[in-house]
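Structure first, then comments.
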Amino acid sequence: MASRMCGLFAFLLGADEAVKEYVEANIQAGEERKLSGGRFRIRKVYNSGFALSSFSDRPDMVRKISLAAGAPVFLYWFRLLASKGRFIEKLGTTLMAAGAAGNLYDRIMRGKVVDYIGVTSRSSFLSKLTANLADLYLAAGSILLAVRRMF
């Protein structure tokens with residue numbers, strides 16, 4: 001099962017980076033493209049901070065904290081992969097590790113994270129939010145682990 005999870009990790013990370021490369025090469029900053037009847041939007045937004053651009057004026061600190069926060073996730077993931085069973089926990093942690101790696105790679109290599117997924121909503125706040133696949137992996141993995149621990 002460890003090799004499957006490693007393969008999933010590589011696929012997820014590669015998918016996020018491939019979309020980021022596409023967005024970088026084909027979408028101008030400020031440009032939006034509607035998808036799925038306008039419910040979803042592809043746009044290019046840079047974030048040098050944490051969620052909601054917090055601490056974007058301190059990218060070095062954000063990079064260091066991201067690395068410090070990601071390290072335990074990776075260490076736990078490696079340890080977990082060596083154990084038997086625990087499929088849901090392994091899947092959730094694989095999602096989280098892929099998400100952390102995707103955004104950490106951006107912070108180190110680009111100095112900022114490339115976000116590109118937006119939604120259309122009646123709420124102006126929600127309509128302004130922009131995420132990437134790595135963010136979705138982190139959220140999905142966190143939810144999966146939380147539900148697993150509840151049951």
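The values are calculated or read from the model by the stated rules, or taken from the named source; none is laboratory data. No experiment lies behind these values; they were computed from the predicted model shown. Every residue, glycine as well, gets a Cβ built from its backbone with ideal geometry; the counts of neighbours run over all protein chains shown. Note: areas computed on protein heavy atoms with side chains; ligands, DNA, RNA excluded. Shrake-Rupley method; radii C 1.70, N 1.55, O 1.52, S 1.80 Å.
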Would you pick out the residues in the range 1-24 that are without any contact (Cβ under 8 Å) to a residue 24 or more places away in the chain and either more than 18 Å from T130 (Cα to Cα) or β-branched (V, I, T) (or both)? S3, R4, G7, A10, F11, G14
If only one of F74, F87 is among the aromatic types (F, W, Y) and open to solvent by 70 Å² or more (accessible area, probe 1.4 Å), which one is it? F87
Would you mind finding the one in A97, A139 that is open to solvent by 20 Å² or more (accessible area, probe 1.4 Å) and in a helix (DSSP H, G or I)? A139
Just one of the numbered conditions (1) without any contact (Cβ under 8 Å) to a residue 60 or more places away in the chain; (2) open to solvent by less than 70 Å² (accessible area, probe 1.4 Å); (3) within 30 Å of M150 (Cα to Cα) is not true of G49; which one? (3)
Hey, S66 of a type in the set (S, T, N, Q) and in a helix (DSSP H, G or I) or not: yes
Restricting attention to the range 20-59, the residues that are closer than 22 Å to A101 by Cβ and modelled with pLDDT under 85 number exactly 10
Of all residues being under 16 Å from the mean Cα position of the chain (by Cα) and aliphatic (A, V, I, L, M) in the range 52-67, which is surrounded by the fewest Cβ atoms within 10 Å (Cβ to Cβ)? Just the residue, please. L52
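Any idea how many residues of the range 112-126 are open to solvent by 30 Å² or more (accessible area, probe 1.4 Å) and either touching a residue at least 24 places away in the same chain (Cβ under 8 Å) or part of a helix (DSSP H, G or I) (or both)? If you could, list the steps in order and put the result at the bottom.
Quick first cut of the range 112-126, residues open to solvent by 30 Å² or more (accessible area, probe 1.4 Å) only: 112, 117, 119-126.
Filter once more, so that each one left must be either touching a residue at least 24 places away in the same chain (Cβ under 8 Å) or part of a helix (DSSP H, G or I) (or both): 112, 117, 119-120, 124-126.
Final tally of qualifying residues: 7.
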